[in-house]
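A short reminder: the numbers here are calculations on the coordinates, not readings from a lab. As the structure is a computational prediction, the values presented were derived from the model and not from experiment. Here the Cβ positions follow ideal geometry from the backbone for every residue, glycine too, while neighbour counts run over all protein chains shown.
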Amino acid sequence: MEKVSGVLESLPYILKMPSNRIWIDYDDEADVLYISFRKPQQANDSIMEDDMIYHYHNEELVGITILHAKNKAG
């Protein structure tokens, strides 16, 4: 039930995402979380800020890569 409660706690944030569809992948070995708002992303620009990489296709945010995700999860 702990996993379910974690998902429920995330709902307000998930519902505010810029897309109706979200793909999430986590690489445990590298501790990197990949969030895509469009598949394929077809990003043509990226901006890195504080271990987070924002991927854009023109002006549209199409994905986020979060480095050291476990540290950010608390």
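Note on segment 5-18: among residues that are under 12 Å from the mean Cα position of the chain (by Cα) and part of a helix (DSSP H, G or I), the one that is nearest to Arg38 (Cα to Cα) is Ile14. Just for segment 49-74: of the residues that are among the hydroxyl-bearing types (Ser, Thr, Tyr) and under 18 Å from Ile14 (Cβ atoms), which one is surrounded by the fewest Cβ atoms within 10 Å (Cβ to Cβ)? The extreme case among them is Tyr54.
Residue check: is Pro12 of a type outside the set (Asp, Glu) and surrounded by fewer than 10 Cβ atoms within 10 Å (Cβ to Cβ)?
So Pro12 fits the description; yes.
Looking at segment 16-39, can you tell me whether even one residue there is acidic (Asp, Glu), in contact with a Leu (Cβ under 7 Å, 6 or more places away or on another chain) and within 15 Å of Ala69 (Cβ to Cβ)? Checked segment 16-39: no residue is acidic (Asp, Glu), in contact with a Leu (Cβ under 7 Å, 6 or more places away or on another chain) and within 15 Å of Ala69 (Cβ to Cβ). Going through segment 19-38 one residue at a time, which ones are within 11 Å of the chain's Cα centre (by Cα) and assigned to a loop (DSSP other than H, G, I, E, B)? Within segment 19-38, Ile22, Phe37 meet the criteria.
Of everything listed in (1) loosely packed, with under 10 Cβ neighbours inside 10 Å; (2) over 15 Å from Tyr56 (Cα atoms), the single unmet condition for Pro40 is (2).
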